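*Asks:* First the structure, then my questions, so here it is.
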Amino acid sequence: MHQVGPLEGFTVGVTAARRADELGALLERRGAEVLHAPALRIVPLADDGELLAATRELLDRAPDVVVATTAIGFRGWVEAADGWGLGDGLRALLGAVELLARGPKVRGAVRAAGLTEDWSPPSESLAEVLDRLLAEGVSGRRVAVQLHGEPLPGFVEALRAAGAEVVGVPVYRWLPPEDIAPVDRLVDAVLARTVDAVTFTSAPAAASLLDRAERRGVREELLGALRHDVLAACVGPVTAAPLEAHDVPAARPERFRLGPLVQLLCRELPARAPVLPVAGHRLEIRGRAVVVDGELRPVPPAGMALLRALARRPGWVVSRADLLRALPGTGRDEHAVETAMARLRAALGRPRMIQTVVKRGYRLALDPSGVPARGAAAARTAEG
């Protein structure tokens, strides 16, 4: 029998603007269906006049400290400077000042440019960089901070409050995507609960999705779905901040990398799936499929809607009227319930898992032994 992948039967939204293909491939390799919706685009560095002006300003008046915050940003800065004929001057400047790199990835980019950082925290925490600078004393010092797509108000304000002159270096900027349609499709999927998780790899992407929902007048509905039904998975605490500011519980891995983020989803999504003992079988209800005795069986959307409605009250009779309300986009004809139920039974491959109760409705044929602990908890939270 085919071994069911950890993400088979689940749909995951990807909001990343860069490395989206890499993340999507990692998810698909584990069985997920991926909904790509880049929430941002990056302004090409060589076309960004703000970066050119900031670079010239630093070359004219050297800072005491330079803080490199992202590997892609630092590499892009050096490459852009090379394109402007300023690369040698920038390297000489960076080699003569105190250069701090926020974590191992940035340190690698610094060394690839032929430079050596003066210090780098092992945790990739910008807070640790700030603590070091404040402990050294920054009063009267000029500190250049490579920004990573958005301002760093807490970091910058703390330095300025301590007496530093702070120069922001806007290495790349995030802008809304040129094609907003994929983002709208993702918003709609979250609202309809047809996506099981949404991944975020940058704080601007999270903020952009919320902004788009607000522009459409559905931000509160989106937040409600992310709080209760759709898993928000963030690569780290900085990325999670815009969501957590709205009381969205964001799951995040211990190591802030794409691989651990995917591993997190491989644990969290199956753990959220209702598992029920039905008619002598083990039934696991995933986003767009079920796993029956270890076998993955795709189920049409209407059938999944009926199954979730039955799983919310396992073993109890659910009326045709209630099931009709659970069906997406149907009218008032209860015949639609019978049609969808027939297709659901066929998809399950075990028709006796769902019992017809004459003149009353349908119910899951729950085994007398009852609901397993995990399945019971998941069943109570299953989306209808």
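The values are calculated or read from the model by the stated rules, or taken from the named source; none is laboratory data. Bear in mind the structure is a predicted one, so any value in this text is a computation, not a measurement. Reconstructed Cβ throughout: ideal geometry from the backbone, glycine too, with neighbour counts over all protein chains shown. These accessible areas exclude ligands, DNA and RNA; they are computed on the full protein's heavy atoms, side chains included. Shrake-Rupley method; radii C 1.70, N 1.55, O 1.52, S 1.80 Å.
*Asks:* Take region 293-308 and flag every residue that is open to solvent by less than 40 Å² (accessible area, probe 1.4 Å), without any contact (Cβ under 8 Å) to a residue 60 or more places away in the chain and either outside any helix (DSSP H, G or I) or out of contact with any strand residue (DSSP E or B) (no Cβ under 7 Å at 6 or more places or on another chain) (or both).
*Replies:* Keep residues of region 293-308 that are open to solvent by less than 40 Å² (accessible area, probe 1.4 Å), which gives 294, 299, 302-308.
If we keep only those that are without any contact (Cβ under 8 Å) to a residue 60 or more places away in the chain as well, we get 299, 302-304, 306-307.
Answer for region 293-308, where residues must be open to solvent by less than 40 Å² (accessible area, probe 1.4 Å), without any contact (Cβ under 8 Å) to a residue 60 or more places away in the chain and either outside any helix (DSSP H, G or I) or out of contact with any strand residue (DSSP E or B) (no Cβ under 7 Å at 6 or more places or on another chain) (or both): Val299, Ala302, Gly303, Met304, Leu306.
*Asks:* Kindly indicate the residue of region 328-357 that is outside any helix (DSSP H, G or I) and at pLDDT 90 or above and also farthest from Gly9 (Cα to Cα) among those meeting that condition. It would help to see each step written out before you state the result.
*Replies:* Pass one, region 328-357, residues outside any helix (DSSP H, G or I): 328-334, 349-350, 354-357.
Checking the rest, the ones that are also at pLDDT 90 or above come to 349-350, 354-357.
On the way: Gly349: 16, Arg350: 18, Ile354: 21, Gln355: 24, Thr356: 26, Val357: 29 Å.
Checked region 328-357; the qualifying residue farthest from Gly9 (Cα to Cα) is Val357.
For every residue, the table says whether it meets (1) among the hydroxyl-bearing types (Ser, Thr, Tyr); (2) surrounded by 14 or more Cβ atoms within 10 Å (Cβ to Cβ); (3) farther than 27 Å from Leu90 by Cβ; (4) out of contact with any Gly (no Cβ under 8 Å at 6 or more places or on another chain).
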{"position": "Val129", "(1), (2), (3), (4)": "no, yes, no, yes"}
{"position": "Val138", "(1), (2), (3), (4)": "no, yes, no, no"}
{"position": "Arg142", "(1), (2), (3), (4)": "no, yes, no, yes"}
{"position": "Gly163", "(1), (2), (3), (4)": "no, no, no, no"}
{"position": "Pro177", "(1), (2), (3), (4)": "no, yes, yes, yes"}
{"position": "Val195", "(1), (2), (3), (4)": "no, yes, yes, no"}
{"position": "Ala207", "(1), (2), (3), (4)": "no, yes, yes, yes"}
{"position": "Glu220", "(1), (2), (3), (4)": "no, no, yes, yes"}
{"position": "Gly224", "(1), (2), (3), (4)": "no, yes, yes, yes"}
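*Asks:* Follow-up question, since we're still on this one. Would it be correct to say that Ala233 is modelled with pLDDT of 95 or more, of a type in the set (Gly, Ala, Ser), closer than 17 Å to Val195 by Cβ and touching a Ser or Thr at 6+ places or on another chain (Cβ under 7 Å)?
*Replies:* Working: modelled with pLDDT of 95 or more: yes; of a type in the set (Gly, Ala, Ser): yes; closer than 17 Å to Val195 by Cβ: yes; touching a Ser or Thr at 6+ places or on another chain (Cβ under 7 Å): yes.
Yes, satisfied.
*Asks:* Just need a number here: residues in region 213-239 that are part of a helix (DSSP H, G or I), in contact (Cβ under 8 Å) with a residue 12 or more places away in the chain and not small (Gly, Ala, Ser). It would help to see each step written out before you state the result.
*Replies:* So in region 213-239, the residues part of a helix (DSSP H, G or I) come out as 213-215, 219-228, 237-239.
Among the residues that remain, those that are also in contact (Cβ under 8 Å) with a residue 12 or more places away in the chain are: 213, 221-223, 225-228, 237-239.
Narrowing further to those that are not small (Gly, Ala, Ser): 221-223, 226-228, 237-239.
Count: 9.
*Asks:* Okay, moving on. Being in contact (Cβ under 8 Å) with a residue 40 or more places away in the chain and either in contact with a Ser or Thr (Cβ under 7 Å, 6 or more places away or on another chain) or open to solvent by 60 Å² or more (accessible area, probe 1.4 Å) (or both) is the filter here, so list the residues in region 240-257 that pass it.
*Replies:* Phe256
*Asks:* Check region 91-102 and report whether any residue there is β-branched (Val, Ile, Thr) and either within 20 Å of Phe155 (Cβ to Cβ) or open to solvent by 10 Å² or more (accessible area, probe 1.4 Å) (or both).
*Replies:* Of all residues in region 91-102, those β-branched (Val, Ile, Thr) come to 97.
Adding the requirement that they be either within 20 Å of Phe155 (Cβ to Cβ) or open to solvent by 10 Å² or more (accessible area, probe 1.4 Å) (or both) leaves 97.
Yes, there is a match, as at least one residue in region 91-102 is β-branched (Val, Ile, Thr) and either within 20 Å of Phe155 (Cβ to Cβ) or open to solvent by 10 Å² or more (accessible area, probe 1.4 Å) (or both).
*Asks:* Output the number of residues of region 103-117 satisfying the condition of being in contact with a Ser or Thr (Cβ under 8 Å, 6 or more places away or on another chain), open to solvent by less than 40 Å² (accessible area, probe 1.4 Å) and free of Cβ contacts under 8 Å to residues at least 40 places away in the same chain.
*Replies:* The number of residues fulfilling the criteria is 2.
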